[in-house]
Amino acid sequence: MRKATSGLTPEGIPSLVLTGLGTLAFAIMGCWVLSTVFFILFWFSLHFFRDPERVTPTAKGLAVSPADGKVIKITPMEDPFTGERRMCVCVFMNVFSVHVNRSPIEGTVRGIKYFSGKYFNAAWDKASSDNERCAYDLEHADGSRWTMVQIAGLIARRIVCRVDEGDALTRGERYGMIKFGSRVDLYLPEGYAPSVAIGEQVFAGETVIASKDEK
């Protein structure tokens, strides 16, 4: 499995190098307007590709958010692996969110499915079935199965997957990212209930998004 560096995600290095060199080159040539434009792009890239460390809860029976952003939907939806309807929590990321995605639980990647598709606004309902997306089947040590789906959005044009089938993930570990605005859907297994509400801001690897239902 390809590990990420802390502080800055490696996918951002090409953008930072390009915009940084552009800023310097146009400054040397005295083209201050273009130099300023490239500097703004450099700053935006530095902000977008940030990858801060997170403090992940360690208590049993919890799942953390796989993405930074706002919870836009909590409803039963059709699981892309099994076809069964399961409770799903949808987190929308805008261009200012941290876009590195993290595993909600400790488990093993049992399957990865890529779906080509369109680039509708990721907040729309049809984005979960029509947009380009990548789904992960994750098995917890207790046998429960979780499904995470990275969904490309209106601006996002590239889904980054850093794991392979058979890889073991710890809770809160980085597994990929989506560039420039997108969404992550998390399908909960039976016995777990959402711990967040619609409209709530969540943070990947840190916010408890679901917990074991003790009822």
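Of the conditions (1) at pLDDT below 90; (2) open to solvent by less than 60 Å² (accessible area, probe 1.4 Å), SER103 fails just one. Which one is it?
(1)
Can you pull out the residues in the stretch 21-65 that are under 23 Å from the mean Cα position of the chain (by Cα) and part of a helix (DSSP H, G or I)?
Passing the criteria: LEU41, PHE42, TRP43, PHE44, SER45, LEU46, HIS47, PHE48.
Just the residues that are open to solvent by less than 10 Å² (accessible area, probe 1.4 Å), among the β-branched types (Val, Ile, Thr) and not in a strand (DSSP E or B), please, taken from the stretch 172-215.
None - no residue of the stretch 172-215 is open to solvent by less than 10 Å² (accessible area, probe 1.4 Å), among the β-branched types (Val, Ile, Thr) and not in a strand (DSSP E or B), so the list stays empty.
The values are calculated or read from the model by the stated rules, or taken from the named source; none is laboratory data. Here the structure is a predicted model, which is why all the values come from computation and not from measurement. Ligands, DNA and RNA are stripped out before the accessible areas are found, and what is left, the full protein with its side chains, is counted by its heavy atoms. Shrake-Rupley method; radii C 1.70, N 1.55, O 1.52, S 1.80 Å.
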